[in-house]
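In what follows, a structure is listed as structure tokens, so that the remarks can point back to it.
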Amino acid sequence: MPKTAKAKKKVSKSKVSVKKKSIGKPVIKITKNYEPKDTEKYMCEKHKVFFRIKLTEWKKELVKANNEALYNGSMDDNSISADVVDQASSYTDKNVEMKAINRQIKLISEIDKALKRIKDDTYGYCLDTAEPIGLKRLMARPVAKYTISAQEKHEKNEKVYADD
């Protein structure tokens, strides 16, 4: 009998700890037509949920588009033309398509980084100055890492180094 009593105690303890672990931050739900407002506290939980959903949906769309482009692009490989001009045109088209896919892959990486910043509570703040990026800028470019002035500074530096 003592063994079953110990077993019961272990089971009841594990149930209690699971319940304690599941109790945490309340789940924030937002409506589909919700948009962050300047009157709300900057980067409150509603804002974070909104941008997490926006970024996740954007990522899903990009992944789907990339998969379709890669699948459809691979189907065209079988059509090899004897005409040199057609071959050059086909090569150019594939090259442009692959560049677009590579840009989208980089964008997906930026989306992943933005989602990580949401988890770290650093999303919405400039990586250089730690100032708020601003809701309007984030609505236009959800993967923004810098304020407009910091972004301009980065772009000027890139141009200076690119010219060298």
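The values are calculated or read from the model by the stated rules, or taken from the named source; none is laboratory data. On a predicted model such as this, the values are computed, not experimentally measured, just so you know. Glycine gets a Cβ as well: all are built from the backbone with ideal geometry, and neighbour counts include every protein chain shown.
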Next on the checklist: Contact list please: Cβ distance under 8 Å, first residue in segment 69-90 and under 20 Å from Gln104 (Cα atoms) and among the aromatic types (Phe, Trp, Tyr), second residue in a helix (DSSP H, G or I) and modelled with pLDDT of 65 or more, pairs at least six apart or on different chains.
Outcome noted: none
Item to check | Any chance Glu40 is modelled with pLDDT of 80 or more, surrounded by 10 or more Cβ atoms within 10 Å (Cβ to Cβ) and more than 30 Å from Tyr125 (Cα to Cα) | outcome: no
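Could you please let me know if Lys156 is among the charged types (D, E, K, R), under 30 Å from Arg52 (Cβ atoms) and surrounded by fewer than 12 Cβ atoms within 10 Å (Cβ to Cβ)? I'd like the intermediate steps shown before the answer.
On the way: among the charged types (D, E, K, R): yes; under 30 Å from Arg52 (Cβ atoms): no; surrounded by fewer than 12 Cβ atoms within 10 Å (Cβ to Cβ): yes.
Judged against the criteria, Lys156 is not a match.
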Checklist entry - So Ser81 fits all but one of (1) surrounded by 10 or more Cβ atoms within 10 Å (Cβ to Cβ); (2) part of a helix (DSSP H, G or I); (3) modelled with pLDDT under 85; what number is the exception? => result (2)
Checklist entry - Mind checking which residues of segment 132-147 are surrounded by 13 or more Cβ atoms within 10 Å (Cβ to Cβ) and of a type in the set (A, V, I, L, M)? => result Ile133, Leu135, Leu138, Met139, Val143, Ala144
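State the number of residues belonging to segment 119-148 that are in a loop (DSSP other than H, G, I, E, B) and out of contact with any Lys or Arg (no Cβ under 6 Å at 6 or more places or on another chain).
First, pick out the residues of segment 119-148 that are in a loop (DSSP other than H, G, I, E, B): 120-124, 126-131, 133-134, 141-147.
Right, trim to out of contact with any Lys or Arg (no Cβ under 6 Å at 6 or more places or on another chain) and you get 120-122, 124, 126, 128-131, 133-134, 141, 143, 145-147.
Residues meeting the conditions: 16.
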Next on the checklist: For the structure I just gave you, tell me whether Lys99 is surrounded by fewer than 13 Cβ atoms within 10 Å (Cβ to Cβ), closer than 27 Å to Ala144 by Cβ, at pLDDT 95 or above and among the charged types (D, E, K, R).
Outcome noted: no
Item to check | Selection within segment 43-78 - aliphatic (A, V, I, L, M) and either touching a Phe, Trp or Tyr at 6+ places or on another chain (Cβ under 7 Å) or at pLDDT 90 or above (or both) | outcome: Met43, Val49, Ile53, Leu55, Leu62, Val63, Ala65
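Conditions (1) in contact (Cβ under 8 Å) with a residue 24 or more places away in the chain; (2) surrounded by 13 or more Cβ atoms within 10 Å (Cβ to Cβ); (3) not hydrophobic (A, V, I, L, M, F, W, C), marked per residue:
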| position | (1), (2), (3) |
| --- | --- |
| Lys106 | no, no, yes |
| Ile111 | yes, yes, no |
| Gly124 | yes, yes, yes |
| Ala130 | no, no, no |
Next on the checklist: Among the residues of segment 106-146, what is the count of those that are more than 16 Å from Phe51 (Cβ to Cβ) and either touching a strand residue (DSSP E or B) at 6+ places or on another chain (Cβ under 8 Å) or of a type in the set (Asp, Glu) (or both)?
Outcome noted: 2
Checklist entry - Just one of the numbered conditions (1) more than 16 Å from the chain's Cα centre (by Cα); (2) on the phi < 0 side of the Ramachandran plot; (3) of a type outside the set (D, E, K, R) is not true of Gly134; which one? => result (2)
